[in-house]
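All remarks here apply to the structure that follows.
Laboratory data are not the source of any read-out in this text; all were calculated from the coordinates shown. Here the structure is a predicted model, which is why all the values come from computation and not from measurement. Because the Cβ atoms are built from the backbone with ideal geometry, glycine has one as well, and the counts that use them run over all protein chains shown.
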Amino acid sequence: CAEAREALGDLLWTKHRAGELAARLGNDALLRLCRRAVSASFADVAASLSDVRLRLSPAEEAAANEILASAPDPSLAEDADAKRRLDLLEAARRGFDRVQDSASQMRVRLEMCAVHRARGDLDALLIALADAAEFAIDPSTLAELSLERARILGPRGRRDAARSLAEPVFEDPNVAPLLRVDAARILTDDLLSSHAPSLSPIDLDLRSRCL
């Protein structure tokens, strides 16, 4: 029964018998336990996944890389650990792309964005956001990615690019209202910074609707 399998999994995990756990209960069971334990026991999870690497399918190996990237390695300095996490997420991205797991393709790309964002690497973040946008299905998720790119590009003098990202969000009725408000703010700041005589009738109409 499920309770007996769970108890056996917990027992084998506490005894550091990852290979036996995977053999008896399946790789999925091991990956679930690793995902649950990685934050508190990173070294144990890393060792367990290393033991079973050769037994994992491409999708399972991608999941293992994502698990290891989800928590810091306490033995590494911050910059080195960020590089480790990005390397693992890149490997996971390639794996999920290979097996065409759409949900995981999107999730791992958002995780890569989070690492670049935490590092303050805006150039890498712009690339990662654009990559993630290619896999966004939900209109609001795509809007969030577009608006973050617009907020980075605008202050860098790329106003046209920022506007081209924000305007579709503002015009899309399927996007969450708060995101459309954020888009309106970006467009308003851009349009108000331009002299009214230089604005086209379309720009003037857009400015009035944003305001």
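A few remarks follow.
- Rounded, prolate or oblate (a/c below 1.5 giving rounded, otherwise prolate when a/b exceeds b/c) for the stretch 24-100 by Cα gyration tensor: oblate
- Derived scalar couplings between HN and Hα for the stretch 152-163 equal 7, 6, x, x, 8, x, 9, 5, 5, 5, 5, 5 Hz in order, rounded to whole Hz, by the Karplus curve 6.51 cos²θ - 1.76 cosθ + 1.60 (θ = phi - 60°), x for Gly and Pro.
- Whole-angstrom gap from the stretch 1-63 to the stretch 142-156, using each part's C-alpha centre: 39
- Cα-based shape type of the stretch 112-159, given that a ≥ b ≥ c are square roots of the gyration tensor eigenvalues and the cut on a/c is 1.5: oblate
- In the stretch 15-104, trypsin sites (Lys or Arg not before Pro) in a DSSP loop with at most 12 other beta-carbon atoms within 10 Å: K15
- For the chain, size of Cβ-based charge dipole, Lys and Arg +1, Asp and Glu -1, in debye: 200
- Segment L54-R156, length gained on full extension (0.36 nm per residue, minus Cα span): 32.1 nm
- When the charge dipole of the chain is built from unit charges on Cβ atoms (+1 for Lys and Arg, -1 for Asp and Glu) and taken about the Cα centre, the candidate among L179, L89, C34 whose Cα reaches farthest toward its positive end is C34.
- Computed 3J(HN,Hα) for the stretch 172-186, one whole-Hz value per residue from the Karplus formula 6.51 cos²θ - 1.76 cosθ + 1.60 where θ = phi - 60°, is 8, x, 7, 7, 4, x, 5, 5, 5, 5, 4, 5, 4, 4, 4, glycine and proline marked x.
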